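Below is one structure, written out as C-alpha cells; the observations come after it.
The values are calculated or read from the model by the stated rules, or taken from the named source; none is laboratory data. Nothing here was measured: the structure is a model prediction, and the numbers come from that model. Reconstructed Cβ throughout: ideal geometry from the backbone, glycine too, with neighbour counts over all protein chains shown. What goes into the accessible areas is simple: the full protein's heavy atoms, side chains included, and nothing from ligands, DNA or RNA. Shrake-Rupley method; radii C 1.70, N 1.55, O 1.52, S 1.80 Å.
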Amino acid sequence: MIEGMEHLPTTEAAVIALRAIAAEYGREIEVTHDVGADQTSRRSAAGVGVTTDPDGSLPHEAFVEFGGSPRVSVRLFPEDDAMVTVEGVECPDIPRDDVPAFLRSVFGGLAHVTARRFPPGYRLIVPLPGDRAHKELIPTIFLTPWLSSRVR
C-alpha cells in the first residue's frame with residue numbers, strides 16, 4: 001500500500017470513503033447495495049436461493065452515482081476492485097484502495113485527455129499517488145463536452 005492511502009477492507013468501508021469525498025467536493029451521492037451471491041453481478045453461477053459464498057460469507061457489492069459534472073459512477077465489487085465510469089468511459093479493474101485517489105483526481109481537475117493524431121485517438125489519464133496513472137482509451141464517439149474540455 002502506498003503511504004498516505006487508506007486500506008478499504010470492505011465494500012462498506014469504500015462506500016463510507018466515497019460519501020466523504022462527495023461531501024468534500026459538494027456532490028450529491030446515491031448508493032445502491034446488493035448483498036448475497038444471488039444479487040451480486042459476478043455471481044451468476046450461484047444457484048437459486050443461494051445467498052452465501054462457499055465460505056459462508058455474504059458478498060457485498062455497491063453501485064455509487066455522483067451528481068454534477070463530470071458524470072461519475074463507481075461499481076464496487078466484493079473482490080477488492082471497482083469499475084469507475086467517467087462521462088461514459090469505463091475504467092475497469094481499479095483496486096478498491098485506489099478509488100478515493102482516482103475520484104479526487106477527477107473531481108480535483110487533475111484528470112485529463114490526451115489526443116493522438118495518427119492513428120487518431122484519445123485517452124483519459126487519471127493520475128494516482130506514487131507516480132502512477134490509470135489510462136483508458138476513449139472512442140471518439142464518447143468524447144463529451146467535459147472530456148473535450150480536458151484535451152491536452
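Criterion first (open to solvent by less than 40 Å² (accessible area, probe 1.4 Å) and assigned to a loop (DSSP other than H, G, I, E, B)) does PRO78 satisfy it? The answer is yes for PRO78. Scanning region 84-110 for residues that are closer than 13 Å to ARG150 by Cβ and open to solvent by less than 20 Å² (accessible area, probe 1.4 Å) gives VAL86, GLU87, VAL89, SER105, VAL106.
So which residues in region 111-128 are more than 16 Å from the chain's Cα centre (by Cα), in a loop (DSSP other than H, G, I, E, B) and either surrounded by 13 or more Cβ atoms within 10 Å (Cβ to Cβ) or not charged (D, E, K, R) (or both), if there are any at all? Those that are more than 16 Å from the chain's Cα centre (by Cα), in a loop (DSSP other than H, G, I, E, B) and either surrounded by 13 or more Cβ atoms within 10 Å (Cβ to Cβ) or not charged (D, E, K, R) (or both): PHE118, PRO119, PRO120.
Scanning region 109-140 for residues that are at negative phi and touching a residue at least 60 places away in the same chain (Cβ under 8 Å) gives a single hit, PRO129. Of all residues in region 69-80, those that are closer than 17 Å to ALA17 by Cα have Cβ atoms under 6 Å from Cβ atoms of residues that are acidic (Asp, Glu), 6 or more apart or on another chain, in SER73/GLU65; PHE77/GLU61; PRO78/GLU61.
Across region 53-75, the number of residues qualifying as open to solvent by 20 Å² or more (accessible area, probe 1.4 Å), in a loop (DSSP other than H, G, I, E, B) and at pLDDT below 95 comes to 6. For region 11-35: of the residues being assigned to a strand (DSSP E or B) and of a type outside the set (Val, Ile, Thr), which is surrounded by the most Cβ atoms within 10 Å (Cβ to Cβ)? My answer is ASP34.
Candidates in region 17-44 are the residues that are out of contact with any Lys or Arg (no Cβ under 8 Å at 6 or more places or on another chain) and aliphatic (A, V, I, L, M); of these, the one that is modelled with the lowest pLDDT is VAL35.
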